[in-house]
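The values are calculated or read from the model by the stated rules, or taken from the named source; none is laboratory data. From a predicted model like this one, the values you see are computed outputs, not experimental measurements. These accessible areas exclude ligands, DNA and RNA; they are computed on the full protein's heavy atoms, side chains included. Shrake-Rupley method; radii C 1.70, N 1.55, O 1.52, S 1.80 Å.
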Amino acid sequence: MNQGKVGNFICKLRKEIKLTQEELASKLNVNVKSISSWENGKNLPDHSLIVQICDLFSISINEFYNGSKVNKIFFHYII
């Protein structure tokens, strides 16, 4: 896991849904410095917050830790 990649992912997802750091901090009941620290790759949120973040951004925990969305392509094979 790359904390910098995860931080960039949090920032990207936050901007996609047009939230400021302050608004995200309010939704997660943390201070703005925490959001900034995560987005700069200095720290990761507590696991209980990661679940809330995943719910908010509609991503899986695996996607969170990977720092990117998983392509959900299904292959069908004809036998």
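Observations
- Accessible area of the chain belonging to carbon and sulfur atoms, whole % at 1.4 Å probe: 51 percent
- By the rule of a C-alpha distance below 17 Å, with chain neighbours fewer than 8 residues away ignored, the aspartates and glutamates paired with residue 18 are 39, 55.
- Averaging the sequence gap over all C-alpha pairs within less than 8 Å and six or more residues apart, then dividing by the number of residues, gives the chain a relative contact order of 40 percent.
- Accessible area of the chain divided out per residue, in Å², using a probe of 1.4 angstrom: 70 Å²
- Secondary-structure-derived ellipticity at 222 nm for the chain, considering helices only, amounts to -17000 deg cm²/dmol, per-run term -39500 (n - 2.57) for DSSP H runs with n ≥ 4.
- Potential extension, residue 22-residue 48 segment - 0.36 nm per residue separation minus Cα distance: 7.4 nm
- Shape call, the chain: gyration tensor on alpha carbons, a/c limit 1.5: prolate
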